[in-house]
Every structure is written in structure tokens, then in C-alpha cells.
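One structure is given here, and the rest of the page talks about it.
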Amino acid sequence: MNVVAMAGVALRRLLRDRRALFFMLVLPVVVIIVIGATVSGFDKFRVGVVDNGRGSLAQGLMSEIQRSRGLEVSRYPDEAAMRVALRRSEVSAGIVIPADFDARLRTGASTAIPVLAEQANQAAQGAQTAIAAVIDQHATDVQAASFTASVTKTQQVVDSKSVVLPSGFSYSAPTMLVLFVFINSLALGATTIDNRRLGVYARALAAPIHARSIVIGEVAIAFALAVVQSAIIVTIGAAVFGVSWGSPPAAAALVVAWALVGAGAGMLTGTLFHTPQQASAIGAPLGIALGMLGGCMWPLALVGPTMRTIGHLTPQAWAVDAWTDLLSRGGSLADILQPLAILIAFAIALLTVAVTRLRHILVP
């Protein structure tokens, strides 16, 4: 009963804070609408093709490239014309299918598919990845074990499935869920700071309420609020914007795991900072920065391997990876066990440190 009472006090204080309710309930939906309506996604890239091949295998590859949902193809008569288009940014990357493509393929020789790019930007990297996926799929279709397609400027191995989230609202809804649940959880740390400064904990301990009950109540309210916000975004995304969240058990497990991460991070900020202003001034920029590193603003598939490795030092990257598996690849709970396990490890670490610090505050 003491745990319920403490959680109820925290909830009533939150409901009276209109600014907190705006950031928790209204702003995420607004951002989802804006991004979903204006961004066509990162799974469509403009590429140029010079087809010098004359055989059936080269024609088959060209057909695969043109049918790819991830590529918008423009054909050019020669490499010089395509380079002009690249310099004008009319296309992000270009490939040249060699004239001896069929002959080299039939003899089992390695066939190089040059990828040209005038700029080393995210669009060019994404186009290279998408082209490599199509070439890999074509190699599988023709069942040529000796066929190896090398891509100039990158040696990344990709599969034929999408490495990014779908476009539109199916991109903005899951990434904004990851971003805002974490940011709002950090902001919730200001409530813990207020409770310390206003003597709420001291009065509760004098009631008497055991310190353990206070800690459990704080964890419960932080976790519950993160789940509620996630549920609101999931519901609005599905009902209003037609977002398919994938396997229900897997999506539910992912929401719970991310809520635990948010609860741990929020409680930790409440024990680290001394004023609510500090929590607000540092928490929101920190959450945004981690969201950028973790792929909430753009897919990590479009950045280099070093930044991708750095990004996966954040829990956001693993959450976005799991949503990508569910939404883009039709994954099941078994397919996201690795990112789920990593997220739970983050949650355990954050909650352990936060609970330990809060207990020391309550019982010096």
C-alpha cells in the first residue's frame, strides 16, 4: 500500500504539470506527423546506370536494378554523361555494367561493378549499400557460386533485406518513440529532485514508510509512464497513420525493455543533478545527442563503420535495430533476442546505479 501511495503522489504531481504533459503526449505526435508527412524515407536512392553489357545475364542484372524498390534508376549512354549527372547531384551514385559481364560470369571470374560517387555523403553511401544488395540478390538468383560482386569504395557485406526502416510514418513513429520516451524519462528526473528538495522523502520516511517502498514506488511510476507514452505512440501510429508494428509479442517485449531503460536513465538523472533546472538543461540535449548517435534522426546504415560502432554504444541504436527487424524484415521475437538482451543489460545497469544512489540519499 505504501508503494501505491508513493506512486500515486508522483502521478498526481505529474498530471498537474501541463508542460510535462505537453512534452509527453502532444509533442511526440506532432513530430511524428511532421517527419512522416515530409520525409519520404531513407530507402529510396537515385542512381545512374551505364549498361555496357550485351548478354542475358547483364540484362537480368539491369532488370533487377530497375525493379528494386530502393532505387530510382536513370540510364546514361556513357560514363562521362553519368559523371555530369553526379556532379549536378541528379543522382547519388552510378554503376557501370562492363561489356564482358556475361563472359566473365560464365567463366567464374570475379566481376567488378564500379560504383561512382562524386561526394562522400550519406546519400551516396546509402546508394552504394542498396546497389550492393541488389547485386547480391542477383548473384543468388542465378546461382553462380563463383560470382563475387565488389563495390568500389566500400567492402560492406549486406543482405537483400532492408537495413533501414520503411518510409513515412513507419519511419517516424518508431524512431520518435525511442527518442521521446528516453528524453521524457530523463525529464522525469526533475520530479525526484523536487521530492528531495521539498522534503517529500523525509516526510514519507517519518510516516513511517520504508526507504525500500519509496524506491520501488519511484521505479514503478517511471516505468509505468514510459510504458503509457509508448502505448500512446503505438496506438496513434497504428490507428491514425497505419503503421504496422510487426509481431505483437515482439513489439510488446521491445516496448517493455525500452521503458525499463528509460526508467533507469530517468531515476539516475534524479540522483545526479541538484536542481530541476539542471535536469532540464542537460537531460534534453543529452537525450537528443544520444538519439542522433543511435539512429533516431537518420539510419546508421548510411554512416561509416566507425560512427556505426560508436552509435551502438548507446541503447538507442539497439532499439532502432530491433524496430527495423520488426517493421522492415517481418521479424519475430526470436529475431530480436540479441538487441532485447542488450537493452535489458542497459536497463539493469542504469536501474542498479540509480536505485543504489537513491537509497544512499534516503538513508545516508
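The values are calculated or read from the model by the stated rules, or taken from the named source; none is laboratory data. The structure presented is a predicted model; accordingly, all values stated were derived computationally and were not measured. Methodologically, a virtual Cβ is constructed for each residue, glycine included, from the backbone with ideal geometry; neighbour enumeration extends over all protein chains shown. Calculation scope for accessible area: heavy atoms of the full protein, side chains included, ligands and nucleic acids excluded. Shrake-Rupley method; radii C 1.70, N 1.55, O 1.52, S 1.80 Å.
Structure data summary
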{"read-out": "For TRP298: the one exception among (1) aromatic (Phe, Trp, Tyr); (2) closer than 30 Å to VAL363 by Cα; (3) at pLDDT below 85", "value": "(2)"}
{"read-out": "Residues (of a type in the set (S, T, N, Q) and either at positive phi or in contact with a Gly (Cβ under 8 Å, 6 or more places away or on another chain) (or both)) located in the range 292-336", "value": "THR314, GLN316"}
{"read-out": "Positions within the range 52-94 being charged (D, E, K, R) and under 36 Å from the mean Cα position of the chain (by Cα), in sequence order", "value": "GLU64, ARG67, ARG69, GLU72, ARG75, ARG83, ARG87, ARG88, GLU90"}
{"read-out": "Number of the condition not met by THR271 [criteria: (1) without any contact (Cβ under 8 Å) to a residue 12 or more places away in the chain; (2) among the polar types (S, T, N, Q); (3) closer than 20 Å to ARG359 by Cβ]", "value": "(1)"}
{"read-out": "Test: residue in the range 251-267 that is farther than 18 Å from LEU333 by Cα and either β-branched (Val, Ile, Thr) or without any contact (Cβ under 8 Å) to a residue 40 or more places away in the chain (or both)", "value": "yes"}
{"read-out": "Helices (runs of 4 or more DSSP H) completely within the range 284-364 that count 2 or more residues being without any contact (Cβ under 8 Å) to a residue 24 or more places away in the chain, open to solvent by 40 Å² or more (accessible area, probe 1.4 Å) and out of contact with any His (no Cβ under 9 Å at 6 or more places or on another chain)", "value": "305-311, 337-362"}
